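*Asks:* Below is one structure. I have some questions about it.
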Amino acid sequence: MKSAIIHEWLTVFGGAEWVLKSIYQTYPSPIFTLVNDQKFPIEKIGSDMEVNTSFIQRLPLGKKKYRNYLPLFPLAIEQFDLREYDLILSSSYAAAKNVLTHHNQLHICYCHSPIRYAWDLYFQYLKEAKLEKGLKAFIVKMVLHYIRTWDYISSNRVDHFIANSGYIAKRIKKIYNREAKVIYPPVAVDQFDMNPTKEDYYLTASRMVPYKKIDLIVETFSRLPDKRLLVIGDGPDYKKIKSKAGKNIELLGYQPFEKLKEYMQKARAFIFAAEEDFGIVPLEAQACGTPVIAFGKGGSTETILNDRTGVFFHKQDNQNLKKAVLKFESTQDNFDPEEIRKNAERFSTERFVAEYTSFVNQCYEKFKNNNS
């Protein structure tokens with residue numbers, strides 16, 4: 001069995017790259033990617049791995065402004081010649097799953113999501129980018145229409161879909177009309193230690209972009225002046241969020257992993273207001289024995305046990321988040337750090353490797369028998 005791995009781009013190390021790392025370490029294979037930034041910590045995945053890039057890598061600012069070349073993604077991903085491989089393993093949230101394969105190849109896609117800005121976040125993206133009217137908006141809409149059409153048609157190139165949550169499995173069914181096996185991503189729970197002793201502060205940590213809703217968290221706690229909030233992270237919305245912060249809120253900016261972990265271990269609770277496809281950070285907090293106050297939609301509903309490892313609020317507004325914080329405080333003694341930690345352990349890297357390997361091997365054996 002000769003395998004190849006397809007991944008969108010190697011530019012920053014996030015949740016999708018944790019999945020890529022586990023896939024690579026289980027099935028060491030050449031990696032094909034649109035762009036590989038020299039600053040990407042390749043050693044985190046495998047220092048000796050072979051990386052093949054597309055022509056976008058060589059275009060002006062291709063390694064930094066690769067998203068500007070969205071109209072070229074279909075052409076770029078289809079230029080990878082994978083004819084010599086028996087098994088194609090893609091890790092995809094944009095174009096990686098759309099590589100060209102032939103009938104003697106098995107293609108299994110671990111899908112983090114269908115292309116968000118082309119499908120379910122389409123109108124939100126246009127509004128936030130101020131692209132609702134005008135010539136530029138018209139061009140962007142035409143490009144995204146083309147991407148949607150290509151994405152839907154080329155999704156048939158995938159033999160088996162794996163979804164990172166039940167939430168995404170439903171989205172795959174809605175958009176591609178395909179069933180998907182749910183295998184939750186690997187979470188490095190062994191890198192976090194449970195701490196039963198908590199201090200009197202709340203914590204949130206995220207890149208500061210609109211859909212993460214850090215502004216909502218800061219606004220809410222500014223109206224709760226007797227409650228201390230620490231905010232870790234930076235990003236495009238940092239200044240806007242800082243302008244909304246009351247005296248009870250500390251913006252700590254970027255923090256190294258060890259400091260983030262220390263804050264997580266001692267926090268009274270972790271606040272998570274985004275609608276995420278899965279959401280790794282709330283599980284990292286739970287691995288520290290820290291309960292999570294989270295928006296009750298998306299992947300969070302699959303990783304947090306309501307009133308046992310966290311508390312949900314069901315509208316992304318100040319009033320509902322405030323109610324959830326007050327509810328948590330009235331029931332705080334009911335949350336057992338050991339139980340919270342055990343819940344996080346259900347999502348370990350070892351569990352991911354076992355489930356992923358079992359599924360891929362079963363699919364390949366069936367495929368090989370049918371083609372013998």
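The values are calculated or read from the model by the stated rules, or taken from the named source; none is laboratory data. For clarity, every value in this text was computed on a predicted model and none was experimentally measured. Glycine also receives a Cβ, built like all others from the backbone with ideal geometry; neighbour counts cover every protein chain displayed.
*Asks:* Can you name the strands (runs of 3 or more DSSP E) wholly within segment 213-316 that have at least 1 residues being surrounded by fewer than 17 Cβ atoms within 10 Å (Cβ to Cβ) and either free of Cβ contacts under 8 Å to residues at least 24 places away in the same chain or under 17 Å from the mean Cα position of the chain (by Cα) (or both)?
*Replies:* Here the list reads 249-253.
*Asks:* Next question, about the same structure. Out of segment 122-136, which residues are over 26 Å from Asn98 (Cα atoms) and either without any contact (Cβ under 8 Å) to a residue 40 or more places away in the chain or of a type in the set (S, T, N, Q) (or both)?
*Replies:* Lys127, Ala129, Lys130, Leu131, Glu132, Lys133, Gly134, Leu135, Lys136 - these are the residues of segment 122-136 that are over 26 Å from Asn98 (Cα atoms) and either without any contact (Cβ under 8 Å) to a residue 40 or more places away in the chain or of a type in the set (S, T, N, Q) (or both).
*Asks:* List, please: which pairs have Cβ atoms under 6 Å, are six or more places apart or on different chains, and start with a residue in segment 51-69 that is touching a residue at least 40 places away in the same chain (Cβ under 8 Å) and within 20 Å of Pro41 (Cα to Cα) and end with one that is surrounded by fewer than 19 Cβ atoms within 10 Å (Cβ to Cβ) and acidic (Asp, Glu)?
*Replies:* Lys63/Asp37
*Asks:* Considering only segment 241-250, I want to know if a residue exists there that is small (Gly, Ala, Ser) and touching a strand residue (DSSP E or B) at 6+ places or on another chain (Cβ under 7 Å).
*Replies:* The answer is yes, given that some residue of segment 241-250 is small (Gly, Ala, Ser) and touching a strand residue (DSSP E or B) at 6+ places or on another chain (Cβ under 7 Å).
*Asks:* With respect to Lys97, is the statement that it is touching a strand residue (DSSP E or B) at 6+ places or on another chain (Cβ under 6 Å), among the charged types (D, E, K, R) and in contact (Cβ under 8 Å) with a residue 24 or more places away in the chain true?
*Replies:* Yes; evaluated as a whole, the condition is true for this residue.
*Asks:* Need the failing condition index for Thr149 against (1) modelled with pLDDT of 95 or more; (2) under 26 Å from Tyr24 (Cα atoms), just the number.
*Replies:* Only one criterion is unmet by Thr149, namely (2).
*Asks:* Suppose we filter Leu20, Leu59 for residues that are assigned by TED's automatic domain parsing to the domain that holds Asp151, under 23 Å from the mean Cα position of the chain (by Cα) and more than 30 Å from Ser372 (Cα to Cα); which single one remains?
*Replies:* Of Leu20, Leu59, the one residue that is assigned by TED's automatic domain parsing to the domain that holds Asp151, under 23 Å from the mean Cα position of the chain (by Cα) and more than 30 Å from Ser372 (Cα to Cα) is Leu20.
*Asks:* Can Lys198 be described as out of contact with any strand residue (DSSP E or B) (no Cβ under 7 Å at 6 or more places or on another chain), in contact (Cβ under 8 Å) with a residue 60 or more places away in the chain and not β-branched (Val, Ile, Thr)?
*Replies:* Answer is yes for this residue.
*Asks:* While we're looking at this one, here's another question. Quick check: is even one residue across segment 340-351 closer than 30 Å to Tyr202 by Cβ, crowded, with 21+ Cβ neighbours inside 10 Å and among the basic types (Lys, Arg)?
*Replies:* Yes; the residues of segment 340-351 include at least one that is closer than 30 Å to Tyr202 by Cβ, crowded, with 21+ Cβ neighbours inside 10 Å and among the basic types (Lys, Arg).
*Asks:* Which of the residues spanning segment 317-372 are in contact (Cβ under 8 Å) with a residue 24 or more places away in the chain, hydrophobic (A, V, I, L, M, F, W, C) and either within 19 Å of Cys109 (Cβ to Cβ) or part of a helix (DSSP H, G or I) (or both)?
*Replies:* Selection gives Leu321, Ala324, Val325, Phe328, Ile340, Ala344, Phe352, Val353, Phe359, Val360, Cys363, Phe367.
*Asks:* Confirm whether Lys174 is assigned by TED's automatic domain parsing to the domain that holds Glu355 and either assigned to a strand (DSSP E or B) or of a type outside the set (A, V, I, L, M) (or both).
*Replies:* yes
*Asks:* For segment 7-16, check the following and say yes or no: at least one residue is in contact (Cβ under 8 Å) with a residue 60 or more places away in the chain, surrounded by 14 or more Cβ atoms within 10 Å (Cβ to Cβ), within 17 Å of the chain's Cα centre (by Cα) and outside any strand (DSSP E or B).
*Replies:* Looking through segment 7-16, at least one residue is in contact (Cβ under 8 Å) with a residue 60 or more places away in the chain, surrounded by 14 or more Cβ atoms within 10 Å (Cβ to Cβ), within 17 Å of the chain's Cα centre (by Cα) and outside any strand (DSSP E or B).
*Asks:* Looking at Tyr24, Tyr85, Tyr117, Tyr110, can you tell me which residue is in a loop (DSSP other than H, G, I, E, B), modelled with pLDDT of 95 or more and aromatic (Phe, Trp, Tyr)?
*Replies:* Tyr85
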